[in-house]
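The values are calculated or read from the model by the stated rules, or taken from the named source; none is laboratory data. Note that the structure is predicted; figures quoted are calculated from it, not measured. Here the Cβ is made from the backbone with ideal geometry for all residues, glycine too, and neighbour counts use every protein chain on show. Only protein heavy atoms, including side chains, enter the accessible area calculation; ligands, DNA and RNA are left aside. Shrake-Rupley method; radii C 1.70, N 1.55, O 1.52, S 1.80 Å.
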Amino acid sequence: MKIVLSRKGFDSASGGGPSPIVDGRPVSLPIPAGAGPSRTTYGALGLGGLAGRASRGRLGDKDPCHHDPMFLDDGTCLFGQVGAAQTHLANQGVGAGDIFLFFGLFREEGKDPHHRIFGYLRVEQVMPLPGCDQALLERANALSHPHALAMLGRNDTLYHGPGRVAAMATPGLRLTVAEGPPSLWEIPPWLRRTGLSYHDRTDRWLRGSRLRSVARGQEFVADIGRRRAPREWAEAMIAQIERRPDQ
């Protein structure tokens with residue numbers, strides 16, 4: 001089994017600033033669509049004002065965004081990947097039965113930015129778009145998922161399965177240590193022994209269960225095999241994502 005820490009949403013390079021935490025809820029802002037296909041604007045998602053503030057006025061209601069991952073009303077998530085990032089996932093053997101934990105850069109008003117987990121996907125289906133099931137592709141297209149609107153590369157792939165976005169910015173979903181900076185993470189003890197792709201340098205793994213995460217990159221994979229501690233940690237993260245304010 002693999003756990004994938006998948007970086008998504010606004011940051012200083014993509015969008016111009018952190019995604020916001022609004023009334024205790026993390027709101028991950030999709031990155032701008034750029035030259036990629038998109039039928040979705042920030043305004044259509046109700047995110048125009050937040051995108052405008054986070055981007056310092058560079059983006060707004062009418063700007064198209066890359067709406068991915070897409071959390072659906074039926075309790076599932078549809079996520080696309082392509083290019084070098086998809087090649088990395090394929091080389092790591094990521095597939096059905098694995099878990100994506102989506103994280104990004106967030107900031108609450110008056111506080112410093114930090115990395116936190118904001119959603120998950122339990123992979124049930126991995127669908128390379130060349131030769132993809134036509135009915136599923138048509139459904140993804142009807143949802144205006146950007147990876148279904150046009151082939152973004154020869155290895156363009158959709159991942160689908162149960163998934164949800166967090167309704168609360170709980171302390172347990174925060175990756176960054178209390179004093180920052182964002183790239184300095186508090187990690188579970190099992191991760192040092194397991195390792196994480198793109199984090200092979202020994203000087204990144206610090207004392208006190210801390211990791212200095214890489215500045216760029218999207219998909220970081222931990223191959224946990226059948227070990228219990230990592231599975232329990234992943235389930236605890238999912239349980240926190242599933243929590244609702246009235247619980």
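Looking at the structure I just gave you, is residue 81 of a type in the set (S, T, N, Q), buried (at least 17 other Cβ atoms within 10 Å of the Cβ), in contact with a Leu (Cβ under 9 Å, 6 or more places away or on another chain) and within 18 Å of residue 9 (Cα to Cα)? Against the criterion (of a type in the set (S, T, N, Q), buried (at least 17 other Cβ atoms within 10 Å of the Cβ), in contact with a Leu (Cβ under 9 Å, 6 or more places away or on another chain) and within 18 Å of residue 9 (Cα to Cα)), residue 81 qualifies. Restricting region 42-58 to residues that are hydrophobic (A, V, I, L, M, F, W, C) and within 14 Å of residue 22 (Cα to Cα) leaves a set whose member that is surrounded by the most Cβ atoms within 10 Å (Cβ to Cβ) is 51. Annotation: residue 54 fulfils all but one of (1) touching a Leu at 6+ places or on another chain (Cβ under 7 Å); (2) at positive phi; (3) modelled with pLDDT of 95 or more; the unmet one is (2). When residues in region 3-20 are screened for being farther than 30 Å from residue 223 by Cα, open to solvent by less than 20 Å² (accessible area, probe 1.4 Å) and in contact with an Asp or Glu (Cβ under 8 Å, 6 or more places away or on another chain), 1 of them pass. Would you confirm, using the coordinates I've provided, whether residue 85 is farther than 30 Å from residue 233 by Cα, assigned to a helix (DSSP H, G or I), in contact with an Asp or Glu (Cβ under 8 Å, 6 or more places away or on another chain) and modelled with pLDDT of 95 or more? Taking the combined requirement at face value, the residue does not satisfy it. Please verify whether region 181-196 includes one or more residues that are assigned to a helix (DSSP H, G or I), open to solvent by 20 Å² or more (accessible area, probe 1.4 Å) and touching a strand residue (DSSP E or B) at 6+ places or on another chain (Cβ under 7 Å). The answer is yes, given that some residue of region 181-196 is assigned to a helix (DSSP H, G or I), open to solvent by 20 Å² or more (accessible area, probe 1.4 Å) and touching a strand residue (DSSP E or B) at 6+ places or on another chain (Cβ under 7 Å). Assess whether residue 154 counts as being at pLDDT below 95, of a type in the set (Lys, Arg) and not in a helix (DSSP H, G or I). Yes: the conditions hold for residue 154.
Under the condition of being of a type in the set (Gly, Ala, Ser) and in a strand (DSSP E or B), the residues counted in region 1-50 number 3.
Of all residue pairs spaced 6 or more apart or on separate chains, those with beta-carbon atoms under 6 Å, a first member in region 31-57 that is under 15 Å from residue 11 (Cα atoms) and a second member that is open to solvent by 20 Å² or more (accessible area, probe 1.4 Å) are 31/14; 31/66; 33/64; 33/66; 50/20; 51/59.
Quick check: anything in region 87-108 among the β-branched types (Val, Ile, Thr), buried (at least 16 other Cβ atoms within 10 Å of the Cβ) and under 21 Å from residue 215 (Cα atoms)? There is no residue in region 87-108 that is among the β-branched types (Val, Ile, Thr), buried (at least 16 other Cβ atoms within 10 Å of the Cβ) and under 21 Å from residue 215 (Cα atoms).
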